[in-house]
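Asker: The structure follows.
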Amino acid sequence: MERRNLALLCAGVLCFWLFALAFGSAQGAGLRVQVAAGKADEAALVSAPAAQETAAAEGLSLTCRAAVLVEPESGRVLYEKNPDERVPIASITKLMTLLLTFEAIHGGKLTLDTLVPVSEHAYHMGGSQIWLEPGEQFTLDEMLRAICVSSANDAAVAVAELVGGSEPVFVEQMNARAAELGMTNTSFRNACGLDTEEHLSTARDVATLSCYILNTCPELLHYTGIWTDSLRNGQTQLVNTNKLLKRYSGITGLKTGTTSGAGVCISASATREGLTLIAVILGSPSSADRFNAATTLLDYGFAHYAAVPVPQLPDRPLELAVKGSAEQTVPLDYSALPSSVLLEKGAGAGLRAELTLPEALEAPVQRGQSVGKVEIYAGDTLLSEAEVTAAADAPVLTFGDALELLWQSLLGA
C-alpha cells in the first residue's frame, strides 16, 4: 500500500510540474492593455519639433564663439551655435575633475573628510588658486569648495592626484570617462583647464558633461551655489566666480572658465518652476559678454518652454502574474517614468500617458527586465517613452519547486 501511495504521489508531482510549465508557455504572451491618463485642459502645451526650434531662437544674438542651450533630464538641445567646433574650455574642464571625484565618493573610495595632501606639482599650478603649500592638508570638502567657488587650479590638481594617484593617470581617466559619455570631440591634457596643446572640447560635449554631472551628482549644487566662503580659519576668502548667482533668478551653477586661449566661458545651470536648463557659452571676449550670453539663452528657454507634469496613471498595476514560476507575481518598477516633460508654450493639444503591459509574464523573469512601457503624447505626437521593469526575479519552476508546492498543498500550507 505504501509503495502504491508513493507511486501515486510521484505521478501527481510529475503531472503538476508538466501542467505548470505548459500553462506558463501557453499563457505567457498575454494581452496588451493600454491605459490613458486624463487629458490636460485645452490651453495645454505642446512639444516643439526637435529639429525645428522657434524663429525666436534663430534671432538670438550671442557674443561668443560657440553656445548650446539644453534641458538636462531629456538631453534635448533647444539652441546651438557652432556646437561641434573644437575649442579650449578653460576651467570648465574642472567639471570632469569634479565628476570623477564625486564618483569616487559614491563608490566608497573617498569621503568628504578624506585629507587631500598637497604635492610640489599642485603647488606650482598657475592661474586662479588658493596658494597651497607643499605638505599642507585640507579635507576633500574644503578642496571641493575651493574648486567650485574660486576655481582653484592648485586644489583641482591636488584632488586629481588623490583620485588618480598622479595627474597624468587622472587625465587618462578623464579621457576614458569622456569617451564613455559620448564626448567624441573632447581631449583632456590636464585636470584644471590651463591652456595646453590639444586640450580641447566643444559646446555640445560640455553640455553632455554638464547634464550628466547634474543628473548623477546633484550634491554638486551645494558647492556651486555658495557665494562666499573661507578656508584656513577665515584667512583665505573664497568668492564665487559665477556672478550670475547674484544677478539671475534661479541660477544654481555650474562652472566658469577664463584663459587667453579659451576666452571667457561658462556652463550655467538654472531652475525655475520645475524646469532646469543649462546654457553653455564658450569663447566670449569679456566676462560681461559671457554672462549676457548665458542670460539671453536662459531667458529664451524659460520664456518658450515649460516642465509639464506627466499625467498620473491611477490604475497602473503594482505587480504582474507570472506563468511557469514558483513566484506567482513580480512587482513592477515605474521609476524610469519622468515626473515632467519639456513642452513648448502656446499650443493646444492634450497631454496623456498610455501604459502598455502584457496580461501575464512567462518565466524566467529577471529583476530589471523590461516588461512594458509608458508612452507620453501631446495630441498625436509621441514626446517620450519610459520602460516599466520587473522589480524582482521569477525563475522557471523546477521539478523540485513543483514537489515542494505539492507537498505544501498536501499538508494544507
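Asker: Going by the conditions given, is ALA152 at pLDDT 95 or above, more than 21 Å from ALA67 (Cβ to Cβ) and of a type outside the set (Lys, Arg)?
Answerer: yes
Asker: Only one of ALA268, ALA293, ALA288, ALA336 is at pLDDT below 95 and either open to solvent by less than 30 Å² (accessible area, probe 1.4 Å) or not in a strand (DSSP E or B) (or both); which?
Answerer: When all the criteria are applied, what remains is ALA336.
Asker: Enumerate the pairs (first residue in the stretch 130-155 and in contact (Cβ under 8 Å) with a residue 12 or more places away in the chain; second residue anywhere and acidic (Asp, Glu)) with beta-carbon separation below 6 Å, excluding pairs fewer than 6 apart on the same chain, so at least 6 apart or on different chains.
Answerer: Pairs that qualify, where the first residue is in contact (Cβ under 8 Å) with a residue 12 or more places away in the chain and the partner is acidic (Asp, Glu), are LEU132/ASP154; PRO134/GLU120; THR139/ASP113; ARG145/ASP229; VAL149/ASP229.
Quick grid of which residues meet (1) more than 32 Å from the chain's Cα centre (by Cα); (2) at pLDDT 85 or above; (3) open to solvent by less than 60 Å² (accessible area, probe 1.4 Å); (4) not hydrophobic (A, V, I, L, M, F, W, C):
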| site | (1), (2), (3), (4) |
| --- | --- |
| GLN328 | yes, yes, no, yes |
| LYS373 | no, yes, no, yes |
| THR389 | no, yes, yes, yes |
| LEU397 | yes, no, yes, no |
| LEU406 | yes, no, yes, no |
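Asker: Continuing with this model, one more query. Tally time: how many residues in the stretch 196-207 are open to solvent by 70 Å² or more (accessible area, probe 1.4 Å) and either under 23 Å from the mean Cα position of the chain (by Cα) or touching a residue at least 12 places away in the same chain (Cβ under 8 Å) (or both)?
Answerer: Going through the stretch 196-207 one residue at a time, the tally reaches 1.
Asker: Ok, one more. From GLY108, GLY75, GLY59, GLY126, which residue is free of Cβ contacts under 8 Å to residues at least 12 places away in the same chain and either open to solvent by less than 40 Å² (accessible area, probe 1.4 Å) or under 30 Å from THR381 (Cα atoms) (or both)?
Answerer: When all the criteria are applied, what remains is GLY59.
Asker: Would you mind telling me which numbered condition in (1) crowded, with 22+ Cβ neighbours inside 10 Å; (2) at positive phi; (3) free of Cβ contacts under 8 Å to residues at least 40 places away in the same chain GLY234 fails?
Answerer: Evaluating GLY234 over (1) crowded, with 22+ Cβ neighbours inside 10 Å; (2) at positive phi; (3) free of Cβ contacts under 8 Å to residues at least 40 places away in the same chain leaves (1) as the failure.
The values are calculated or read from the model by the stated rules, or taken from the named source; none is laboratory data. Being a predicted model, the structure only gives us computed values, none of them experimental. Glycine also receives a Cβ, built like all others from the backbone with ideal geometry; neighbour counts cover every protein chain displayed. What goes into the accessible areas is simple: the full protein's heavy atoms, side chains included, and nothing from ligands, DNA or RNA. Shrake-Rupley method; radii C 1.70, N 1.55, O 1.52, S 1.80 Å.
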